[in-house]
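Report on the structure given below.
The values are calculated or read from the model by the stated rules, or taken from the named source; none is laboratory data. Every value quoted in this text rests on a predicted model; they were computed, and no experiment measured them. Positions of Cβ are generated from backbone atoms using ideal geometry, with glycine treated the same way; all protein chains shown enter the neighbour counts. For accessibility, only protein heavy atoms count, side chains too; no ligands or nucleic acids. Shrake-Rupley method; radii C 1.70, N 1.55, O 1.52, S 1.80 Å.
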Amino acid sequence: AHHRGDDDAAENLFRRELSLFEKLDPSGKLMRDTLVGLGEVALQRHQADRAAEAWQRALEISDKLNPLGPDTAWCLGGLADTAKLQGRSAEAGKLLERALAIWQPVNPEAVDAGVIRLKLGVLLLDQGDAAAAEAQIREAIRIHEKNRAVLPEGHQALARLQARRGQLQEAAASYRAAVDALEIQQTRLGGTRESQWFYGSSLGDLYLEAA
């Protein structure tokens, strides 16, 4: 979980690094990675304008370093998140498709490629295209499982989809899978255990989706 103090500390660190790299390496990898960090913090805070500025600058640098590399795909994903936050869903979809096109010849089975697929699946679900959304979400989960990684958000998104269809038993099972994945994730990261809260709030979401 992200906390305000953690985000403040992260932003302050990234901004100090930004000041340094603007002088030493204004168009290099370290500058790009710092901008990515700022973009992610801004998204956590729902600061769309700041996020857009950081991700766009990061993408411009990444395009110069390696326009068809994984880092460029990640920047496109960040811009897509920002566009979605700003209500520009069509643009977000195009950015995610570009990111997937980069991953396809590089390593379509990479975990980060799975993350992009999940982003696209959730976007499609929000747009009402359940069939296309399910295909992307299930593929994202499969990719993570193949890499022995977990994706709680993928199972949660699948549960939302199933609940909207009135498949409450399947949705409950998917939420349980989300909790199991979250517990594994927290154990690996050494974070706080919040799976019971997650499960309870998710079950509430389930019934809201089905209502």
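Below are the figures for this structure:
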read-out: Inter-label distance for Ala10 and Gln185, nm, one decimal - labels placed 7 Å from Cα along Cα-to-Cβ; value: 1.3
read-out: Ranked by how many other beta carbons lie within 10 Å on average, peptides 124-133, 102-111, 48-57, 143-152 from highest; value: 48-57, 143-152, 124-133, 102-111
read-out: The range 131-177: C-alpha gyration tensor shape, a/c 1.5 cut-off, then a/b vs b/c; value: oblate
read-out: The range 17-116 shape via C-alpha gyration tensor axes, a/c threshold 1.5; value: oblate
read-out: For Ala149, residues with placed amide H under 5 Å, excluding near neighbours; value: none
read-out: For the range 45-130: accessible area per residue (Å², 1.4 Å); value: 47
read-out: Cα gyration tensor shape of the range 28-79, rounded if a/c is under 1.5, else prolate or oblate by comparing a/b with b/c; value: prolate
read-out: Nearest-10 value in Å² for the accessible area of Ser89, using the 1.4 Å probe; value: 40
